[in-house]
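First comes the structure, then the notes that go with it.
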Amino acid sequence: MNWSLPSATLDLSPHAPGLIMGILNVTPDSFSDGGAHVGIDAALAHAREMLTAGAGIIDVGGESTRPGAAEVETNEEIARTAPVVAALRAELPSSTLLSIDTRKAAVAEAALAAGADIVNDVSGLTHDPRMLEVCAQSNAGIVIMHMQGSPESMQDAPRYDDVVAEVRAFFQQQLKTCEAAGITADRIVFDPGIGFGKAHEHNLRLLAHLDTLAPANRPILLGVSRKSVIARILGDTDLSKRLWPTVALTSHARRQNVLIHRVHDVQENHHALRMTEAILSAR
């Protein structure tokens, strides 16, 4: 259960401390914090805050993938993200792990050259034909997420016969594809893609079976922070009311051996991880 990255090998076995991946959106239109961290100074300030609050990874994204979002032109996405990654690498402690959240090979390539350690692809390496090659030629960690459709249309009418089995089968196929391209399994973690081409019942089924999804005993990353599945259950679309349900999901997922949690609110979720782990270790 190790995750091999360019500058570190992370222990992601069930008894290891979980990791918080702090979300750093440098977009004007992300669903929760669009425009809040645009510009290098604002991005650096927020990254420092997240590290102080307990983040182990900073995930930089330059394209909103909320339902209905239009695709950002490649050069624009590079202009948004590569300078921020370079500034983070230059300014933050060398132990800071940096991730690029993109489905485009050229964006990943530019971010890796700027110092990123991880490629986090919401399409699971399926959107851009060159992404597999770019990842294979690097030694970066890779997050393979499941998404049915594309952000523009993924929530129109998602359908599955068995969402748990189909997500698991996608992960198994992508692991085989990566290994055939020379990407070893120890570089890969998997994300079930809550809210990405899933109806409400699909999200809940996946959340109930997180510990059954990953092939080859690989780690799971969960990104459910502030998502609409919470609003559906609460019957309230107020974003400010999604913090504590996200914290509850972090604790629930940690009990299913989810070791990486991608969140907006770092400190609260970091505390939930440590409390849950203290209870698990006392068994």
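The values are calculated or read from the model by the stated rules, or taken from the named source; none is laboratory data. These numbers come from a predicted model, not from an experiment. Here Cβ is always computed from backbone atoms with ideal geometry, including for glycine, and neighbour counts include all displayed protein chains.
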Please report, ordered by residue number, the helices (runs of 4 or more DSSP H) entirely within the range 187-283 with at least 2 residues that are farther than 23 Å from Arg159 by Cβ and touching a strand residue (DSSP E or B) at 6+ places or on another chain (Cβ under 7 Å).
243-255, 266-281
Is there a residue being on the phi > 0 side of the Ramachandran plot, in contact (Cβ under 8 Å) with a residue 60 or more places away in the chain and surrounded by fewer than 21 Cβ atoms within 10 Å (Cβ to Cβ) anywhere in the range 270-277?
no
From the set of residues in the range 95-127 that are in a loop (DSSP other than H, G, I, E, B) and among the β-branched types (Val, Ile, Thr), which is surrounded by the most Cβ atoms within 10 Å (Cβ to Cβ)?
Thr102
Of residues in the range 128-152 being part of a loop (DSSP other than H, G, I, E, B) and surrounded by fewer than 18 Cβ atoms within 10 Å (Cβ to Cβ), the one modelled with the lowest pLDDT:
Glu152
Quick one: would you say Arg80 is charged (D, E, K, R), more than 29 Å from Ile279 (Cβ to Cβ), surrounded by 18 or more Cβ atoms within 10 Å (Cβ to Cβ) and more than 18 Å from the chain's Cα centre (by Cα)?
yes
Which of the residues belonging to the range 228-245 are crowded, with 21+ Cβ neighbours inside 10 Å and either of a type in the set (D, E, K, R) or closer than 19 Å to Pro17 by Cβ (or both)?
Arg242
